[in-house]
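The values are calculated or read from the model by the stated rules, or taken from the named source; none is laboratory data. Here the structure is a predicted model, which means the values were calculated and not measured. We place every Cβ from the backbone using ideal geometry, glycine too, and count neighbours over all the protein chains shown.
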Amino acid sequence: MSTQPAPTAPGTTHHPRKDRPVTLTHRRAAGGVAALTLTGLAVGLAAAPTAVGAPEAPTASAFLAPYYTALDLTGDQQVTTDDLAVVAEGLGLTADDEGWKDVALADTDGDGVLTVADLAAVSQRIVYDDGPFELVEASVVDMQAAMNAGVTTSVEITQEYLDRIAAYDRTLVDTGAGGRPLASIITTSDVALDAAKQADAVRAEQGMTSMLLGVPVTVKDNYDTKDMPTTGGCGCWDDNQTSTDAAMVGGLRADGAVLLAKASLDEFAFGFESQFSSYQAAGSATFVASPYATSRTAGGSSGGTGAAISANLAGIGFGTDTGGSIRVPSSYNQLVGVRPTVGLASRDGIIPLALSQDTGGPMTRSVTDAAVALDAVVGVDPADPVTSRQEGEVPASYTQYLDADALDGARIGYVPSMIGTNRTTTRLWAETRATLESLGATVVEVTPPTSYSTVLPNGFASVLSEGSGSTNEFKHDLDEYVANHLAPEVEARTLSGIVDSGRYVPARRSTYVSRGAITEATYQAWAGPEGTHTKVLAEGKTLVTQMLDGADLDALVYPSGNPYGTIGTNLRLSPNTGLPAVSVPMGQATAADATITGAGVNLELLGRDFAEGPLLGLAFALEQATQARTSPALYGPLG
Amino acid sequence: MTHTPTRRRVRRRATLAGGLALAAGLLSAVATGTAAQAAPAVADVTVDAPASVDVGDAVEVTVAVTGAADLFAYDLAVAYDADLVEYVDDSAATPDGGFSDAADDGAGAVAVAYTRLGTSPGLEGDVTLATLTFTAVAAGEAPFDVPAVTLVGTDEETLTLEDAGSATTTITAVEVPTEEPTETTPPTDGGTTEPVDDETTSDPTSTATSGTGAGTGGGGPLASTGASVAVVVVGALLAVATGVGILVARRRAVASR
């Protein structure tokens, strides 16, 4: 673990020094930026002050490293008034003085003397804000700062989100033509306020023990939660009150997050238009609406998470992505979505769709929120053996990559055919490309290989044309979930049982029937150790990694979608390689585009295995420059 | 207002040469900073102290600003005549909602530093920067001078106001009875020598002065300070601070002892 001078404040336009070192635990620092200063760091650390006040360092991990940790003088990995006391004691010291080494870190302006300006600069690294607090569009940092200052509490924040859900989610707010309720939430927690109260008590006793302490989180209703049923969006599983949490939910709770609600989804996470039947009469189903234009879909399959987070019905959201289910609703709802490397976060306790490609990841209003959220859910879990791949690949905190200068010197590749022809998308890409270049990135046109191997005869095109694992894997993987997690009260325990129950999205019947007929032999030929799909994914990862290496790229970028639509086979690149992708807003359609005015379109950044950190850094730099997300006007502060 | 524990400055000493080199370096920094004309700002600085007190009384000295904008942090010193008044430990009061530190050198200068916390907004409007309490210990004209106030905005821009203000309190010796009263009637109050208000003066002490915010002309005072090591503490403090701000005042106050 390391610290360094003058990193960037997440969510601010503060410009850090370029030489930001990064704690590096993955095998290759993407490009020049991240790896640049490791040597310098070691030197700097040798001279850096160690704990001044003989601190009893808490065991908590670093908060928003490095910005909020770099100026820590007392060794507790955060800046508090204890650090200010150290600075105050040293006011007037100069570089020639004895004792300077104990405070040199606080000489933020580097003028060789400790002044009140340095005191102020150190103070600004405290997560604290006693100014007015507005929940709408609040980041986790905003929430923590306001809670630390006593301006609000987790109980108040939780109650306000519950109030917003009650006021907005099933109400027809959009009275325009085709307007619909959002229908983004299936269940709200009866015990969320208790958890919030507990979080407030922890804060009162121990301070901010985690960046998620007391932050209300909504997870897609395919994550098991021991205090709310997990329906998978299906009325057939209304009674699935599991006895345990999904592994990722456990991580969130361990960090003090408040599990607020379960978000709606496309039933069993199938498609890109979220439609669910939970708690509805047989033969009925409901679509989830986009808060920007409720006549439009929120996308899917994590559409409820997308709509809820965008409409500020929760602080942080989580979705799942097998073939685009995080990135599609992130694009439609102007959110940051992270589809992690397969193996970074355990899928145990998540209703599966296709474990060869399933991932769970955050959907948030900012890159900083996404980094904080991701920190809580990574880890090796024996119940999901693929997570053993992450050993040694996970940084202490993803927040250490949040550098507004991360694009400076970066090499960003794109494949022209993935840009498409949509007027909004092509315009936003052109603007984004110019922004990337203005921030110091080199944008490189990549010509992908057209042949590769017998598994990938058409090279890159073969990677993109590989289908989703959901057809051949759903029955097999669902059976495992049923055996290990499904509540015993649930009667529909097979796909045929679900069909028999009559409690599902009506249009889904034929799909359930056909997927229920997949044999074990078919599954093995597809997803077994020597299965065709298995081979394509493995070679796809190799091929695309070689593309990145060959052009010395930090990321390959492409639009996640078009206005309220998908674009070609772009979404398949991440699932068909297992490589991580971060989707971040580029902007919105204008009337001049003559597409769907106001619709958001995201840029997706794909990187190497376990390169979530560098990708988040690049996305952060772009986000800070564009501030592209807008807040849906229909769902402003409650009156 | 929040009360700030006092620390005694006993730790470090700077050589005179070192102090001057530092001061010279700071001069340009001050000039550069003020050229930016950015955030923090105040309309006026006032220093208030009671017109007169008796020996043994408390003397409350207030440093305040009007029209503050984006005032995230500040640093100031109050120079006093250590022969006439003593600073009351832990008496410094600063605005609520921040961190503050007060250091008394015991020889004529109290330095106060204050900062808001985190991303909290800067202070606005009329703000009492510090209220310090002294005890009058000897008769005389007791000056309270604020040679400089350094303001820091939320964007970390700094602005130094020099000769920020001063006030004087007349300290009167208490008449000590020379013999035991012989009357049998006890006094009706605790003492007869408590002229709380001096009607002949109308608050002559609040010599409010706006800071210049410029570090011009610092070389002269510095040079002369360097040449006369033995000047009295307050004099040295004023001379240095005029040129280079409160920071060096802190150091010089220590180094001069």
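Across region A:576-609, the qualifying residues are those that are part of a strand (DSSP E or B) and in contact with an Asp or Glu (Cβ under 8 Å, 6 or more places away or on another chain), and the one among them that is farthest from A:Ser631 (Cα to Cα) is A:Ala581.
Give the residues of region B:106-120 that are more than 8 Å from chain A (Cβ to nearest Cβ) and surrounded by fewer than 24 Cβ atoms within 10 Å (Cβ to Cβ), sorted by residue number. Once the filter is applied, which keeps residues that are more than 8 Å from chain A (Cβ to nearest Cβ) and surrounded by fewer than 24 Cβ atoms within 10 Å (Cβ to Cβ), region B:106-120 yields B:Gly106, B:Ala107.
Scanning region A:170-194 for residues that are in contact with an Asp or Glu (Cβ under 8 Å, 6 or more places away or on another chain) and hydrophobic (A, V, I, L, M, F, W, C) yields A:Leu182, A:Ala183, A:Ile185, A:Ile186, A:Val191.
For region A:408-465, the set of residues classified as β-branched (Val, Ile, Thr) and in a helix (DSSP H, G or I) consists of A:Thr424, A:Thr425, A:Thr426, A:Thr432, A:Thr435, A:Val463, listed by residue number. Could you tell me which residue of region A:498-513 is surrounded by the most Cβ atoms within 10 Å (Cβ to Cβ), considering only residues that are touching a residue at least 24 places away in the same chain (Cβ under 8 Å) and of a type outside the set (Lys, Arg)? My answer is A:Tyr504. Any residue that is at pLDDT 95 or above, part of a loop (DSSP other than H, G, I, E, B) and over 26 Å from A:Met211 (Cα atoms) - is there at least one of those in region A:32-48? Within region A:32-48, not a single residue is at pLDDT 95 or above, part of a loop (DSSP other than H, G, I, E, B) and over 26 Å from A:Met211 (Cα atoms). Among residues of region A:585-609 that are more than 25 Å from A:Asp552 (Cβ to Cβ), those with a beta-carbon under 8 Å from a residue that is of a type in the set (D, E, K, R) and in a loop (DSSP other than H, G, I, E, B) at least six positions away or on a different chain give the pairs A:Pro585/A:Arg629; A:Gly600/A:Arg629. Output the residue which, of all residues in region A:114-158 that are outside any helix (DSSP H, G or I) and of a type in the set (Ser, Thr, Tyr), is farthest from the other protein chains (Cβ to nearest Cβ). The extreme case among them is A:Thr153.
Does A:Val372 satisfy the condition of being in a strand (DSSP E or B), over 18 Å from A:Ala183 (Cα atoms) and in contact with a Leu (Cβ under 7 Å, 6 or more places away or on another chain)? So A:Val372 does not fit the description; no. Selection of first residues in region A:151-173 that are touching a residue at least 12 places away in the same chain (Cβ under 8 Å) and of second residues that are in a loop (DSSP other than H, G, I, E, B) and charged (D, E, K, R), restricted to Cβ pairs under 6 Å at least 6 apart or on distinct chains, gives the following pairs, ordered by first then second residue: A:Val151/A:Asp130.
So that you can scan it fast, the table gives a plain yes or no per residue for (1) modelled with pLDDT of 85 or more; (2) surrounded by fewer than 24 Cβ atoms within 10 Å (Cβ to Cβ):
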site: A:Ala57; (1), (2): no, yes
site: A:Tyr67; (1), (2): no, no
site: A:Asp72; (1), (2): yes, no
site: A:Ala85; (1), (2): yes, yes
site: A:Gly110; (1), (2): yes, yes
site: A:Tyr128; (1), (2): yes, no
site: A:Gly131; (1), (2): yes, yes
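Do we have any residue at all in region A:99-106 that's facing chain B (nearest Cβ under 7 Å) and at pLDDT below 95? Yes, because at least one residue in region A:99-106 is facing chain B (nearest Cβ under 7 Å) and at pLDDT below 95. Give the residues of region A:556-572 that are over 15 Å from A:Glu623 (Cβ atoms), under 18 Å from the mean Cα position of the chain (by Cα) and assigned to a loop (DSSP other than H, G, I, E, B), sorted by residue number. Within region A:556-572, just A:Gly561 meets the criteria. For region B:38-59, does any single residue satisfy the condition of being at pLDDT below 95, buried (at least 19 other Cβ atoms within 10 Å of the Cβ) and more than 22 Å from the chain's Cα centre (by Cα)? Yes, that holds for at least one residue. Scanning region A:535-594 for residues that are of a type in the set (Phe, Trp, Tyr) and either out of contact with any Leu (no Cβ under 8 Å at 6 or more places or on another chain) or surrounded by fewer than 24 Cβ atoms within 10 Å (Cβ to Cβ) (or both) returns a single hit, A:Tyr564. Quick one: in region A:222-247, which of the residues that are touching a Phe, Trp or Tyr at 6+ places or on another chain (Cβ under 6 Å) and in a loop (DSSP other than H, G, I, E, B) is surrounded by the most Cβ atoms within 10 Å (Cβ to Cβ)? If we take residues in region A:222-247 being touching a Phe, Trp or Tyr at 6+ places or on another chain (Cβ under 6 Å) and in a loop (DSSP other than H, G, I, E, B), then A:Gly233 is surrounded by the most Cβ atoms within 10 Å (Cβ to Cβ). Would region A:56-70 turn up any residue that is more than 8 Å from chain B (Cβ to nearest Cβ), farther than 29 Å from A:Tyr401 by Cβ and touching a Pro at 6+ places or on another chain (Cβ under 7 Å)? No, region A:56-70 contains no residue that is more than 8 Å from chain B (Cβ to nearest Cβ), farther than 29 Å from A:Tyr401 by Cβ and touching a Pro at 6+ places or on another chain (Cβ under 7 Å). From the residues in region A:179-221 that are outside any loop (DSSP other than H, G, I, E, B) and either outside the structural domain of A:Leu265 (by TED's automatic domain parsing) or among the small types (Gly, Ala, Ser) (or both), which one is farthest from A:Trp237 (Cα to Cα)? The residue in question is A:Ala204.
For region A:313-323, does any single residue satisfy the condition of being within 12 Å of the chain's Cα centre (by Cα) and among the charged types (D, E, K, R)? Within region A:313-323, one or more residues are within 12 Å of the chain's Cα centre (by Cα) and among the charged types (D, E, K, R).
Within the set A:Pro395, A:Pro362, the sole residue that is in the same structural domain as A:Ala555 (by TED's automatic domain parsing), surrounded by 16 or more Cβ atoms within 10 Å (Cβ to Cβ), in contact with a Gly (Cβ under 6 Å, 6 or more places away or on another chain) and outside any helix (DSSP H, G or I) turns out to be A:Pro395. Among all residues of region B:61-72, there is at least one that is within 20 Å of A:Ala149 (Cβ to Cβ) and within 11 Å of chain A (Cβ to nearest Cβ).
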